[in-house]
Amino acid sequence: MANKSENSQVFLLIVLFGNYLICHGDYEAATMPRVLISILAQSKGHALPYFLSCLENLEYPKERIDIWLKIEDIHEDSLVILSAWAQRNEDLYNSVVILSNITEAPRIDDHYEKTLSVTSKYRHLIELREEALSFARNSFSDYVFMLDADAFLTEPDTLKVLVRRRYAVAAPMLVSDDTYSNFWLSETRDLNEEDTNTYMRLVKRERKYLGCAEPPMVFSAVLISLKHRLTKFLTYDPKKVSHYEGPENDAAVFAETAKRAGIRFRLCNDLFYGYIVAPADSPEKKLQKLTDLKLDAIRRENPIPLNSALEGFVSYPKRSKLSCDKIYMINLKRRQERKRMMMMNFKELGLEFKRIPAVDGTILNHTTLKVLNVRLMKDYEDPYHKRPMKAGEVGCFLSHYNIWNKIVRKQYNLTMVLEDDVHFTPNFRDNFKQILWETRNVDYDFIYLGRKILMEADEERVTQHTTRPLYSYWTVGYVITYRGAKKLLEAKPLQKLLPVDEFIPILFDSHPNSTWKSYFPVRNLKALSANPLLIYPTHYVGMPGYISDTEVSYIIDLKNMKINPDLHTDNEI
């Protein structure tokens, strides 16, 4: 039997071990490097709700983070946004310092920005960055994370990953809705063809590094190790660099001092770290760039987060049908995620829409096809896979057909039809309005907003932004008139059914298959196409997340007029 002393020792061990389990998480957090996040919000108030939401989501011990934020903004809600955010979060961080240069008569306003010289703009930005760097060096921080308020870190582990790599200077690669990112491959931005190709492969993440790439210049989201022996030589101020002959640009000066100190920048793109808003020269264009970026993030199925407490500071366009009688969105009931994503798109664009339930090909059978009086074109064979129609293709056609019927029955003059997997190109609303204005005196029935062009020949240009389309695929998005819908119905396509994106080119008499065309002797649909296109699919064949509800369905047995599961195939166009 154990004596009293031994029992006491066991009890003490149990208590200590229990305390260790309870406190281990705090101990681990306490040993993480301390990071000062330096934030510049210079004319970026419109981005603050998204930036702060991403900041909150960072999976790094907040008690090991200090916030230093400098704001110079004419956005009327900027200080209110920051105050509301700080009130909810400041106790979570080690410290929060918010500095503001906003006055009753803002020093930086739209007129000021237009008249200010490029040199003085950069000079002021240099002063701000140098102020942030000096503050960090005088703190007790191990790292300073230099962030601009339009850099959205959607990967929660960003800071944790970068800190653990222990580089002197590291940057997470961020993407925008175009080719802009937070690094250059040339100090002069003049890229040769090889550098351009490398840049694009990096931005598109076709070239990923297990560690990091080493570009000559990084900016907007840069982590600097303050404990590294060489980073003490880093500066943004050209006045502190002897014999500096480069541009008076904060990123260029920083890059030059790093090169002189022998510091290699590390650009990490092994994970998808987040987004950055491409620059613009006016408040209106900045807001448009942000909207375009949010739409691109939705397309990637990685929307920029927005905390519910900050959502009230975000404004959206007034709901509109953009001069159409209706905007219809076709959506399968079982595709709720697509519906959710499209609703996010419509909210960003301010589109007033109506969801139309898609006809689900998986529930079609001989009886339903007979009731609908559907007969397939006996000469149809898929051009690529040499097979009959699939049930999903029948369902897709019927979905569009139901809308054409509704247009004629309701006598709508102009209707926009969208499928539920579309990506809207930048500045969609204005570009769509421009096309309607250009074609106001043009006689047309149908306008492709998105399509897959199948013929290489040059198309006849009708207006500055429209052409007469040749043979094309896809019905992801189009505009159709009452007369156009009537022509499609009068062709009686359900009695000689083939895929809808083969049918429409036949009706505007630009289909290469003369046999199929012979089933439709009246081919007088007057079609146009947006050029450049305004809509694209969110995913293409082979991309992660690509799903084709038409392709991944049963082949229809023409002979027995039924859906034949034995002929099921997953081939995708």
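The values are calculated or read from the model by the stated rules, or taken from the named source; none is laboratory data. Note that the structure is a prediction, hence the values are computed from the model and not measured. Neighbour counts run over all protein chains shown; Cβ positions are idealised from the backbone, glycine included. Each accessible area value is taken on the protein alone, full model and side chains, heavy atoms only, with ligands, DNA and RNA left out. Shrake-Rupley method; radii C 1.70, N 1.55, O 1.52, S 1.80 Å.
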> How large is the Kirkwood hydrodynamic radius of region 214-294, in angstrom, based on all distinct alpha carbon pairs?
Replying inline: 14.8
> Considering the alpha-carbon set of region 266-382 alone, what are its Rg and its Dmax in angstrom?
Replying inline: 20.6, 65
> Could you list, bin by bin from short to long, the percent of Cα-Cα pairs of region 365-466 in 10 Å steps?
Replying inline: 10, 31, 35, 20, 5
> Over region 290-393, what percent of the accessible surface lies on carbon and sulfur atoms, probe 1.4 Å?
Replying inline: 50
> So, counting K/R as plus one and D/E as minus one, what does the shell of residues with Cβ under 12 Å around ALA261 add up to?
Replying inline: +4
>> In whole Hz and in residue order, list the ³J(HN,Hα) couplings for region 87-99 that follow from phi through the Karplus curve 6.51 cos²θ - 1.76 cosθ + 1.60, θ = phi - 60°; x for Gly and Pro.
In response: 4, 7, 10, 4, 6, 7, 9, 4, 7, 9, 10, 10, 10
> Do any GluC sites (Glu not before Pro) in region 435-472 lie in a DSSP loop with no more than 15 other beta carbon atoms within 10 Å, and if so, which?
Replying inline: GLU456, GLU460
>> Quick check: net charge around VAL314, other residues with Cβ under 13 Å of its Cβ, Lys/Arg +1 and Asp/Glu -1?
In response: -1
>> Cut-off under 19 Å on the C-alpha distance; same-chain residues fewer than 8 positions from LYS70 excluded. Which lysines are left, in chain and number order?
In response: LYS44, LYS121
>> Please give me, ordered by residue number, the chymotrypsin sites (Phe, Trp or Tyr not before Pro) of region 332-439 that lie in loop per DSSP and have at most 11 other Cβ atoms within 10 Å.
In response: TYR384
> Summing +1 for each Lys or Arg and -1 for each Asp or Glu, what net charge is found among the other residues whose Cβ lies under 14 Å from the Cβ of THR158?
Replying inline: -1
>> Over region 143-271, what portion of Cα pair distances is larger than 16 Å, expressed as a whole percent?
In response: 62
> Considering only DSSP states other than H, G, I, E and B, which trypsin sites (Lys or Arg not before Pro) in region 229-276 qualify as loop sites with at most 16 other Cβ atoms within 10 Å?
Replying inline: ARG229, ARG264
> Taking a temperature of 25 °C and a viscosity of 0.890 mPa s, what whole-number D in µm²/s does Stokes-Einstein yield for region 318-428 with Rh from Kirkwood over alpha carbon pairs?
Replying inline: 155
>> From zero outward in steps of 10 Å, how is the percent of C-alpha pairs of region 254-307 spread across the bins?
In response: 20, 30, 28, 21, 1
